[in-house]
Amino acid sequence: MKLDVVGFGALNLDRLFQVNQIACKDEEGQIKNLHESCGGSAANTIIGLARLGLDTGLIGKIGSDREGETLLDNLQNEDVDIHGIIKSSNGRSGTVHGYVDRKGERALYVDPGVNDTITIQEIDPEYASNTRLLHLTSFVGKSIQAQEELLDNIDDQITVSLDPGMIYASKGIKALKKILQRTNVLLTNQNELDLLLRSRKDQDTKINTLLNYGIEILVIKQGKKGCLVTDGVKTYLLDAYDVDCRDTTGAGDAFNSGFIYGFLEGKNIEESAMLGNFVASCCVQELGATTGLPSKSVLGSWK
């Protein structure tokens, strides 16, 4: 069976601590509650797409530990194909410690574990090619090399989307050149865009630079302000949905789910971005990256 979307990124078990404040240097904060959930940017987006009814799979790596089994069970429970998951006999699965304040803002600390030991030899190229769209997200360490090599081995007809996150954006545009030149849809936020193109001051210059790299669709997520989406011909600025925000964890990944779903369903870039905003608005009303992700039946109210 041909999959609609295959994700390739880190798999992490998220431990989210609700705190009275995110402590800075020499400050103290109080932990109010702890919520444990499965995460990883690519996994969050893939789960969102699975809930919207698409056939999805994931390429990632876990350890032979409790965290790894929890991550694997969660993917299976969400109807995500797991034939692309690599299980290591050594090392620990990835974890993230997140601190969420009363306004829903967060600070994250990543322990990548075996996420950063993926090699191209561990990936089945046929699995990665058996999809309409390949969605890439960041790794802390050297597994970016496996992503670059994989892009050399998949069919040109496969659409590639990328959410660089702060980790990849901080590398700068030259370091990401190989991935960007194979990327069709770039899903970034404003801070990441500024970091990726730190030497360019003007927003239009930043956008044109990426379009000249061959990016066909550029999305700039802007949190409460909504998003900007452009294909180089038409540009749209769309407001975010006005909802009570409980936790922003996974909001960008949720947006990706809605946008990619719309894109694969033949929606134009404006409608796809509206879907992205809607799915993100559902996400932030609940604690955790995937708890609030909607099912396809909920999409009837997205407009």
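The numbers here are math on the coordinates, done by the rules we state, and not lab data. Quantities reported herein were computed from a predicted structural model and do not represent experimental measurements. Cβ: placed from backbone, ideal geometry, glycine included. Neighbour counts: every protein chain shown.
Would you mind ranking Lys61, Lys174 so that the residue whose beta carbon has the fewest other beta carbons within 10 Å leads the list?
Lys174, Lys61
Under a GNM of the chain (C-alpha, springs under 10 Å), which listed residue has the highest mean-square fluctuation: Lys267, Lys32, Lys178?
Lys32
Can you tell which of Gly266, Gly40, Gly141 shows the greatest fluctuation in a Gaussian network model of the chain with Cα springs below 10 Å?
Highest fluctuation of the listed residues: Gly266.
Taking the Cα centre of segment 164-303 as origin and charging only Cβ (+1 Lys, Arg; -1 Asp, Glu), how large is the dipole, in debye to the nearest 20?
Charge dipole, segment 164-303, about its Cα centre: 620 debye, nearest 20.
State the extension gain, in nm to one decimal, for the chain segment bounded by Gln285 and His97, taking 0.36 nm per residue of separation less the distance between their alpha-carbons.
Between Gln285 and His97, full extension yields 65.7 nm more.
Cut-off is 10 Å between beta-carbons; in what order do Val80, Val6 appear when sorted fewest neighbours first?
With the sparsest Cβ surroundings first, the list reads Val80, Val6.
In whole Å, what three semi-axes, largest first, describe the equivalent ellipsoid of the chain built from its Cα gyration tensor (square root of 5 times each eigenvalue)?
The equivalent ellipsoid of the chain has semi-axes of 25, 24, 20 Å.
Using 0.36 nm per residue of separation minus the Cα-Cα distance, give me the extension gain between Lys142 and Cys24 in nm, one decimal.
39.5 nm
If you take every DSSP beta bridge fully contained in the chain, what fraction is antiparallel? Give it as a percent rounded to 5.
Rounded to the nearest five, the antiparallel share is 40 percent.
Where the only charges are on Cβ atoms (+1 Lys, Arg; -1 Asp, Glu), what is the dipole of the chain about its Cα centre, to the nearest 20 debye?
Dipole magnitude for the chain comes out near 740 debye.
Could you list Cys227, Cys24 in order of exposure, starting from the residue whose Cβ has the fewest other Cβ atoms within 10 Å?
Final ranking by Cβ density, sparse to dense: Cys24, Cys227.
With point charges of +1 on the Cβ of Lys and Arg and -1 on the Cβ of Asp and Glu, referenced to the Cα centre of the chain, which listed residue (Val5, Gly60, Ala175) lies farthest in the positive direction of the dipole?
Ranked along the dipole, the leading option is Ala175.
Calculated FRET efficiency, Thr235 and Lys177, Cβ-Cβ r, R0 30 Å, to nearest 0.05?
0.80
May I ask you to list the residues of segment 231-252 whose amide nitrogen lies under 20 Å from a point 7 Å from Cα along the Cα→beta-carbon direction of Gln203?
The answer is 231-242, 252.
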